[in-house]
Amino acid sequence: MPVRLKRPFLRLSPAERRIWDAYPTGAWVDLRSGDDEADDPANGAGWGPERTVRAEVVAALLLGARQPEPGRSAGLRLAGAHITGVLDVSDATLTGKLHMINCYLPGGVSLVDTVAVGVRLRGCEIARIGAAGCTVNAMLDLDGSTVHSGIRLDNAHVKGQIRFAGLRLGIGEAARVPDGTPKDVRRKLSEEELRERGHRYGQWALWAGGLTVEGGAFMRDMRVSGGLRIIGAKFLGGIYLQRSVITATGPYAIQADFMEAGAAELSSGFQATGTIRMRNARVNGVLSFDGASLRAPGRVLHLSHAQLDELILRPSSIEGEVNLAYSRIGVLLDAPADYPDGVYLNGLVYEALRGSAWSVADRLTWVDKDPYGYRPQPYEQLAAWFRKIGHEQDARRVLLAKQRRRRHTLRPAGRTWGRLLDLLVGYGYRPWLAGLWVAVLLAAGTGVFASVPPTQIDPEEVRVFQPFVYTLDLLAPVSVFEQRGAWDPVGWTRWLAWTLIASGWILATALIAGAARVLRPGPSS
């Protein structure tokens, strides 16, 4: 039941009386002077009593001190006021909209566990906003405002849109101390637990874990000192941060693990100093960093275990490592310059790669940039992609590079055998190399044995020596033309004959090993 008070205050100032009388009809009360500089709420501390309104008066109206006129929609619509004290309407269901423009609220606003029709604080100067667990049935609008000491929206539910365009958001002392809730003598919280619960969130300008926004979250052109903590938040209509600038005061510019969004635009002039962490995030549309500027001392993007329909990673500048490990991406649009300090790719699965700047050599450098060293899966995934688009030669080139990279992880014997396989048959991915070696050895043997023919072992047998056939029979692992037993090389040519026999066995073994590797089902190690 709404509170019904005829005279809740013994005395109202002229400004308060105007607001009191206007509330039942939702009419605007404009206390501004008409001078833009003087009306800027940054100068609100100097406004006189003609523009001063007690927070208790505003709260009483929002809590039902006055009823709407029949046929009218009640609401507080106020411009250019200095609100003294904390505007506290926590744990309540507000009867009308709260709409302020160019107001000065040095005591802050508390909407904890509040149910509101709509909250619009546009172009205002506000100490801090606490709105954990609140429900806003329409729009939450802070366009053009400045909030000095952080915003709490954890587990809030906005059924309309969030509009934070041009918002200036910082961190002050008020955001670093408990909110006045009595302490539980049986449960004394440590400093770490206080930080986890948001009582010590000095690095966070926006604390909004579990926030649900059914419409779009339009947060363009913001200037944020501190981080955005939006773990587990749901932006069903997408989140849009174009041209916003976030300067982290801790390690993270954005921490958005397990976030869900219809789209996420951190693009078109977006700037972040600090890590953007979106581990296990799900974006059903596009996650775009097109034209963004990203910088962090270490890992700049942490997108592991994410599910993204499309990732556009084309920042104008980027400094730091990128982690895409174990993510599933439909389309990845990127460029070689997007990974200046390394990229984690192990476990990454993608349906399509886009980006005209890439060559096969560039992609091979890309998969070799893992700071943890060699991992087979990124090579297998890249080869599978090339096969999918019909580039079998490129796929074989990738798998050959994989074997060469793997060779560095083997023991000396394995490295030696690997080099021999590579030299002779390209690990089976270049079988034509074996034919080339056979041709070279055939030519050398034919020339030598034509000049220095071997002697016939059985002089009584009638035979005609053919140097080409003799050399070919030496190269074959098993004598095919019965030339080895009929002729005996002389002098130094014996060493050539033995070399040809050994080479034949080595080439045959290499071909078999290479073929087994290429034809083996599933990923090869």
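Criterion first (buried (at least 20 other Cβ atoms within 10 Å of the Cβ), assigned to a loop (DSSP other than H, G, I, E, B) and in contact with a helix residue (DSSP H, G or I) (Cβ under 8 Å, 6 or more places away or on another chain)) does residue 378 satisfy it? It would help to see each step written out before you state the result.
Working: buried (at least 20 other Cβ atoms within 10 Å of the Cβ): yes; assigned to a loop (DSSP other than H, G, I, E, B): no; in contact with a helix residue (DSSP H, G or I) (Cβ under 8 Å, 6 or more places away or on another chain): yes.
Judged against the criteria, residue 378 is not a match.
Residues in the stretch 25-59 that are open to solvent by less than 20 Å² (accessible area, probe 1.4 Å) and either within 17 Å of residue 107 (Cβ to Cβ) or under 43 Å from the mean Cα position of the chain (by Cα) (or both): 39, 41, 44, 51, 53, 55, 57, 58, 59. The selection criterion, being under 23 Å from residue 376 (Cα atoms) and surrounded by fewer than 18 Cβ atoms within 10 Å (Cβ to Cβ), does not hold for residue 327.
What are the residues in the stretch 259-269 that are assigned to a loop (DSSP other than H, G, I, E, B) and under 14 Å from the mean Cα position of the chain (by Cα), if any?
Matches in the stretch 259-269: 259, 263, 266, 267.
Return the pairs, sorted by first residue and then second, in which the second residue is open to solvent by 40 Å² or more (accessible area, probe 1.4 Å) and β-branched (Val, Ile, Thr), the first residue lies in the stretch 303-322 and is within 16 Å of residue 264 (Cα to Cα) and modelled with pLDDT under 95, the beta carbons are less than 6 Å apart, and the residues are 6+ apart or on different chains. As it stands, the answer is none, since no pair meets every condition given.
Looking at 109, 185, 177, 117, just one residue is modelled with pLDDT of 95 or more and among the β-branched types (Val, Ile, Thr), and that residue is 109.
The residues of the stretch 278-316 that are part of a strand (DSSP E or B) and either touching a helix residue (DSSP H, G or I) at 6+ places or on another chain (Cβ under 9 Å) or open to solvent by 50 Å² or more (accessible area, probe 1.4 Å) (or both), listed by number, are 282, 284, 295, 297, 299, 307, 309, 313.
Contact annotation: residue pairs with Cβ atoms under 7 Å, 6 or more positions apart or on different chains, pairing a residue in the stretch 482-505 that is closer than 19 Å to residue 465 by Cβ and modelled with pLDDT under 75 with a partner that is crowded, with 19+ Cβ neighbours inside 10 Å and of a type in the set (Phe, Trp, Tyr), are 483/470; 487/470. Can residue 416 be described as among the polar types (S, T, N, Q) and at pLDDT 70 or above? Against the criterion (among the polar types (S, T, N, Q) and at pLDDT 70 or above), residue 416 does not qualify.
Here residue 325 clears all of (1) in contact (Cβ under 8 Å) with a residue 24 or more places away in the chain; (2) outside any strand (DSSP E or B); (3) under 20 Å from residue 349 (Cβ atoms) except the condition numbered (1).
The values are calculated or read from the model by the stated rules, or taken from the named source; none is laboratory data. No experiment lies behind these values; they were computed from the predicted model shown. Glycine gets a Cβ as well: all are built from the backbone with ideal geometry, and neighbour counts include every protein chain shown. In case anyone asks, the SASA skips ligands and DNA or RNA and just uses the protein heavy atoms, side chains included. Shrake-Rupley method; radii C 1.70, N 1.55, O 1.52, S 1.80 Å.
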